[in-house]
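Since the structure comes first, as structure tokens, the remarks are kept for the end.
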Amino acid sequence: MPRRNDNKIRVVELFAGVGGFRIGLEGASDAYETIWNNQWEPSTVHQDASLVYRARFGSKGHINRDINTVPTEDIPDHDLLVGGFPCQDYSVASTLSRSGGIEGKKGVLWWQIYRILEEKGENRPNYIFFENVDRLLGSPAKQRGRDFAIILASLADLGYTVEWRVINAAEYGMPQRRRRTYIVGYREGAHVANQVQELKDWVLYEGVLAKAFPFRPKDNTLSEFDIEGAIKEVSDNFNRGCKESPFGTAGIMRNRHVYSIDAEAIYEGPAMTLGGNIVDESLVPEEFFIPDNEVAKWEYEKGAKKIERTSKEGFSYIFSEGGMAFPDPLDKPSRTIITGEGGASASRFKHVILTPSGRYRRLIPLELERLNMFPDNHTYHPDVTDGRRAFLMGNALVCGIVQQIGKSLYRFIYEKEPVSTHPIDTQRDALPKLSLDLFAGLEPELKVNKPKKSYTLDMTKSLLIGYVKEDNKAYFLDGGQTKIYYTGKVKGFPSTVALNKLFYFMPYIKGKGVKDLYLIRIARIGSKAEVHQESEDRDPRLVFELEYLESLPNYVMIKPNIFNTYRDTLLGKVMGDFV
């Protein structure tokens, strides 16, 4: 039976891009440790993604080689295999002994994942976590769902129970409308696999993905069936002649038995928008502004049109497409970033916003990074152009999705709360050492270009003001979007504070007062040794996991009045004069 590593979750990252999986998992828990990763862009001399990855995370364990040429024995044993593998045609073309009897078309990278898992044998990882486009569930057009059925059947034959969800990041408060399929699998005998009982309950309520991203099932969308036959038979015959895929947007497969249903997101928290992630107009290089004499080209590209065209065979036909918003609305999440986002030429699919001065402009790379929830300037590198940085973000995933799934998976593996000292907005600048402070030489008010969120403050909700000790002051002043606040020891926390009513938090900085407002995401029991491994302080403390919302214009001197350490009040008593 696979063993559970009680110290680290060793991660191997395939098709690593610029490290979206790594950022998300490290933001979920310090337990995730990427020990080996591979990134290779085919037919490209200049390996931009690999350059960025090594610049941010270092070269240790990084392989910039075609994965087809990497022997499995060169890949270290690991606990979790992750990757955003390309969406291709997964049909079985022939049989080869070296791939266990199945092989996809040349270059189809799914079979490299399969090859690694199969050749690892008893040392294959307990857990797998993949990302792909949402159309994976319905491809190809002539045999709906076949590709996904091949993937599920392959994993079932290797001993994995697999669940999946199609998630639109914007439906869970994230700043981009990006729909992707997320696949998480548990090897037979692994701790999480042993927790899967009723498939329906796991998908709807109890599972890793349901806990990370709650949803309500859509009526009349249930689909339950078995994937039968050898992989070649699945490839040839699955769902042949049917117009719709049998796979819903949420589901699970165990021993080739599938339970799936369509999902409708449930989320009521703060939401990020395109406008909340743009920088001040004065900070944007001139080349990103659209000249007045070219605005008409952009309006045409974005507009509805019907054009008469002639096919190669000489037949005339009408090409038509609907209109798109011009400019892009700032009060909503952005559209999906595509690989063609960069460059100055007019395009239907590139984002264009209207600035306060009345000028139109494209998005700068830093803004594209924010829409995927990467740290600011993550893709900055002296040898990577702005156009290629945009391409890299078009190929990337939303780090916030990976973070939430990573947290949920950790909870199921260890049955406790995850702790991370690397929030996803933390800049990672290994080598080469680069200056990533884009606004360092500007006035203070222009340096503050943090992402913003859309939410409604409830002035009737309870607010806890907590004293910040001197050695923790810099942590609460560094501009990070997520924080962890440890109270004094549990026995010293005032019994007059009703924890079940606490909603907001403001850190009290000695000599200054309060300024920053946070939402209390999670309240739990923990210890300082969670973060500071060298600490011998394992006494239980209350732990508040916080999400930054906004700041007052200036510090307000409101001293704690409970033990000179805490103050329990209502949000309206502090914020009422400022909203």
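Points worth noting:
- Cα-based Rg and Dmax for the range 9-265, where Dmax is the largest Cα-Cα distance (Å): 17.8, 50
- In this rough spin-label picture, where each label sits 7 Å from Cα along the Cβ direction, the Gln197-Lys512 distance is 4.9 nm.
- Set of aspartates and glutamates with alpha-carbon distance to Lys450 below 15 Å, sequence-local pairs under 8 removed: Asp280, Glu281, Glu367, Glu369, Asp376, Asp425, Asp437, Asp478, Asp516, Glu547, Glu550
- Helical segments meeting 30 Å axial Cα length and Kyte-Doolittle 0.5 threshold in the chain (DSSP H): none
- Peptides 408-418, 553-563 ranked from most to least packed by the mean count of surrounding Cβ atoms within 10 Å: 408-418, 553-563.
- Backbone HN-Hα couplings from phi across the range 486-494 [Karplus 6.51/-1.76/1.60, Hz, Gly and Pro as x]: 9, 6, x, 4, 3, 5, x, 7, x
- Thr426 versus Asp236: modelled label distance in nm, points set 7 Å from Cα along the beta carbon direction: 5.3 nm
- For the residue pairs Lys461/Lys483; Lys528/Lys573; Lys60/Lys350, the alpha carbons lie more than 24 Å apart in Lys528/Lys573; Lys60/Lys350.
- For Gly207, no residue 5 or more places off, or on another chain, has a built amide H under 5 Å of its own.
- On the basis of the beta-carbon distance and an R0 of 25 Å, Leu354 and Ser454 show a calculated FRET efficiency of 0.85.
- Diffusion constant of the range 456-578 at 20 °C, which comes from Stokes-Einstein with the Kirkwood Cα-pair radius and 1.002 mPa s, µm²/s: 145 µm²/s
- Rounded to the nearest 5, the antiparallel percentage of DSSP beta bridges internal to the chain is 75%.
- Between Lys305 and Ser282, the modelled label-to-label distance comes to 3.8 nm, taking each label 7 Å out from Cα in the direction of the beta carbon.
- Stretchable slack from Asn255 to Asp66, in nm (0.36 nm times residue separation minus alpha-carbon distance): 64.8 nm
- Sum of side-chain charges, Met324 neighbourhood, beta-carbon under 10 Å (Lys, Arg +1; Asp, Glu -1): 0
- Cβ-derived FRET efficiency at R0 25 Å, Ile558 paired with Lys491, nearest 0.05: 0.45
- Using the Cβ-Cβ distance between Arg521 and Lys297 with R0 set to 51 Å, the FRET efficiency works out to roughly 0.70.
- Annotation: Cα Rg of the chain relative to the compact-globule expectation 2.2 N^0.38 Å equals 1.02.
- Computed helical MRE - 222 nm, the chain, DSSP H runs ≥ 4 contributing -39500 (n - 2.57), nearest 500: -5000 deg cm²/dmol
- Computed on the Cα trace of the range 269-360, the radius of gyration divided by the Kirkwood hydrodynamic radius gives Rg/Rh = 1.06.
- Additional length obtainable on full extension of the chain from Arg135 to Ala265, 0.36 nm per residue less Cα span: 45.0 nm
No lab work stands behind these numbers, since they all come straight from the coordinates. Since this is a predicted model, take the numbers as computed values, not measurements. All Cβ positions, glycine included, derive from the backbone under ideal geometry; neighbour counts span all protein chains shown.
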